[in-house]
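Notes follow the structure.
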Amino acid sequence: AQSVTQLDSQVPVFEEAPVELRCNYSSSVSVYLFWYVQYPNQGLQLLLKYLSGSTLVKGINGFEAEFNKSQTSFHLRKPSVHISDTAEYFCAVSDPTGGFKTIFGAGTRLFVKA
Amino acid sequence: DTEVTQTPKHLVMGMTNKKSLKCEQHMGHRAMYWYKQKAKKPPELMFVYSYEKLSINESVPSRFSPECPNSSLLNLHLHALQPEDSALYLCASSQEIGQRSQPQHFGDGTRLSIL
């Protein structure tokens, strides 16, 4: 069965510093990968997705992620964070062997400090 | 502005009450989902509808009853809930379930409290 591991439950960072949120997945087949953000009292919003093609994916709000098949990783990065980036971030994988259900990681709480 | 609209935003109900959660989307999506999310946890899939037919039921207790009256609407009927059912209930939609997976569009959820 598919699984998604987000290696950090919380990431505190100062404003304007770079950040990387780590995500690893387990799969022996091609998968589709997503990063979602959830702000307080809101639903999930898609940041970016990897379906195929270029391994560097650019998303909204200045975020990008790099797909690494050999390391089965899909880490999320931003070169300079803002206070408004404080939120919960979920890595997710779509499993073609599981009826295309979306499997979510446990989430990483990004806390940006002034 | 979210493209998936959920009502109500908040709901408090007793264990003997019957209530319904509603979800609406006008993006022409043919797959719709119900998720349950507890605090500081990822969403847990409950149900998936594809072309208005129930496609996936993740062994959800029968006190939760989904309904898809048409391609734009999704309801979740609630009856005799337990305190542990208190959570944020999220609705989502995607183009379809098929050979290519598309991202899901989420509503802002209904925060449900069971007294």
For B:Asn17, the net charge from surrounding residues (Cβ-Cβ under 15 Å; K, R +1; D, E -1) works out to +2
Over segment B:37-115, the quotient of the Cα radius of gyration and 2.2 N^0.38 Å is 1.13
In Å³ per residue, the alpha-carbon convex hull of segment B:1-48 encloses 123 Å³
hull vol. (C-alpha, convex hull) per residue for segment B:19-69, Å³ -> 107 Å³
Output field shielding_mean for A:38-51 (other chain Cβ, 10 Å radius) holds 5
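Where the only charges are on Cβ atoms (+1 Lys, Arg; -1 Asp, Glu), what is the dipole of chain A about its Cα centre, to the nearest 20 debye?
Its charge dipole is roughly 200 debye.
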Among beta bridges assigned by DSSP with both residues in chain B, the antiparallel ones amount in percent, to the nearest 5, to 90 percent
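Can you tell me the dipole magnitude for segment A:18-78 around its Cα centre, using point charges on the Cβ only (Lys, Arg +1; Asp, Glu -1), in Debye to the nearest 20?
Value, rounded to 20: 20 debye.
Can you pull the percent of Cα pairs in the protein assembly as shown with separation above 22 Å?
Here the tail beyond 22 Å accounts for 52 percent of pairs.
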Taking the dipole of segment A:1-83 about the Cα centre (Lys, Arg +1; Asp, Glu -1; charges at Cβ), the one of A:Asn61, A:Ser3, A:Gly43 that reaches farthest to the positive side is A:Ser3
Here the net charge surrounding A:Gly107, from other residues whose Cβ is less than 11 Å away from its Cβ (Lys, Arg +1; Asp, Glu -1), is +1
Set A:Lys101/B:Lys36; A:Lys49/B:Lys40; A:Lys78/A:Lys113; B:Lys9/B:Lys36; A:Lys49/B:Lys38; B:Lys9/B:Lys41, cut-off 21 Å on Cα-Cα distance; pairs above it are A:Lys49/B:Lys40; A:Lys49/B:Lys38
Once normalised by the length of chain A, the mean sequence separation of its alpha carbon contacts under 8 Å that are 6 or more apart gives a contact order in percent of 36 percent
With the charge dipole of segment A:1-78 built from beta-carbon charges (+1 for Lys and Arg, -1 for Asp and Glu) about the Cα centre, the Cα from A:Val29, A:His75, A:Ala17 projecting farthest to the positive end belongs to A:Val29
Along principal axes, largest first, the alpha-carbon spread of chain A in whole Å comes out as 44, 29, 21
Answer in debye to the nearest 20: the dipole magnitude of chain B about its Cα centre, from +1 Lys/Arg and -1 Asp/Glu charges placed on Cβ, is 260 debye
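All of the numbers you see were taken from the coordinates with simple rules; none came from a lab. Source: prediction; values computed, not measured. Because the Cβ atoms are built from the backbone with ideal geometry, glycine has one as well, and the counts that use them run over all protein chains shown.
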